[in-house]
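The values are calculated or read from the model by the stated rules, or taken from the named source; none is laboratory data. Source: prediction; values computed, not measured. Here the Cβ positions follow ideal geometry from the backbone for every residue, glycine too, while neighbour counts run over all protein chains shown. Heavy atoms of the whole protein, side chains included, go into the accessibility calculation; ligands, DNA and RNA do not. Shrake-Rupley method; radii C 1.70, N 1.55, O 1.52, S 1.80 Å.
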Amino acid sequence: QVQLVESGGGLVQAGGSLRLSCVASGRTFSNYVLGWFRQAPGKDREFVAAISRSGGSTYYADSMKGRFTISRNNAKNTVYLQMNSLKPEDTANYYCAAKQGGTVVDRTYNYWGQGTQVTVSS
């Protein structure tokens, strides 16, 4: 099992940047594929990005390509989401997720954090 805790959300103006972090408990962090999702009020949860166990492979939703970057530091049990050129439509609660099986393309995850709110003002 793994517990996930996100941080780094906040209020930012359009065009600005934020870096989200997600720290995982447990001794086998490098065994997990990690992902970021988001959910805006009244909308379904949306896939953002995923990263492989080694960090060598990443996968993004089309609308995030070129603006968002996912990375991980296995020594620190942490996964990051760097978000640049933020838009008001990026406003959402952002969730970190983990899974032991599957690949970065599969969007089914077993473990979820509580989320961190990102609000982008126009």
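Checking each residue of region 86-107 against the condition of being under 21 Å from Q13 (Cα atoms), open to solvent by 60 Å² or more (accessible area, probe 1.4 Å) and polar (S, T, N, Q) gives no match.
Mind checking which residues of region 100-120 are touching a Phe, Trp or Tyr at 6+ places or on another chain (Cβ under 7 Å) and modelled with pLDDT under 95? Lay out the reasoning, then the answer.
Of all residues in region 100-120, those touching a Phe, Trp or Tyr at 6+ places or on another chain (Cβ under 7 Å) come to 100, 104-105, 107, 112-113, 115-116, 118.
Answer for region 100-120, where residues must be touching a Phe, Trp or Tyr at 6+ places or on another chain (Cβ under 7 Å) and modelled with pLDDT under 95: Q100, V104, V105, R107.
State which residue is nearest to the chain's Cα centre (by Cα) when the search covers only region 72-90 and only residues that are of a type in the set (S, T, N, Q) and within 18 Å of V2 (Cα to Cα).
First, pick out the residues of region 72-90 that are of a type in the set (S, T, N, Q): 73-74, 77-78, 82, 84-85.
Then keep just the ones that are within 18 Å of V2 (Cα to Cα); that gives 73-74, 77-78.
On the way: N73: 14, N74: 15, N77: 14, T78: 11 Å.
My answer is T78.
For region 43-72, a residue qualifies if it is over 18 Å from T103 (Cα atoms) and at pLDDT 95 or above, and the qualifying residues are K43, D44, R45, R67, F68.
Selection of region 64-97 for residues being more than 24 Å from G26 (Cβ to Cβ) and in contact with a Phe, Trp or Tyr (Cβ under 6 Å, 6 or more places away or on another chain) yields only M83. Is there a residue being in contact with a helix residue (DSSP H, G or I) (Cβ under 6 Å, 6 or more places away or on another chain), closer than 18 Å to A50 by Cβ and part of a loop (DSSP other than H, G, I, E, B) anywhere in region 86-102? The answer is yes, given that some residue of region 86-102 is in contact with a helix residue (DSSP H, G or I) (Cβ under 6 Å, 6 or more places away or on another chain), closer than 18 Å to A50 by Cβ and part of a loop (DSSP other than H, G, I, E, B).
Quickly run through region 59-85 and pick out the residues that are open to solvent by 40 Å² or more (accessible area, probe 1.4 Å), touching a residue at least 24 places away in the same chain (Cβ under 8 Å) and assigned to a strand (DSSP E or B). If the condition is that a residue be open to solvent by 40 Å² or more (accessible area, probe 1.4 Å), touching a residue at least 24 places away in the same chain (Cβ under 8 Å) and assigned to a strand (DSSP E or B), then Y59, Q82 are the ones that fit. Candidates are the residues of region 1-58 that are surrounded by 14 or more Cβ atoms within 10 Å (Cβ to Cβ), among the basic types (K, R) and not in a strand (DSSP E or B); the one that is nearest to the chain's Cα centre (by Cα) is R45.
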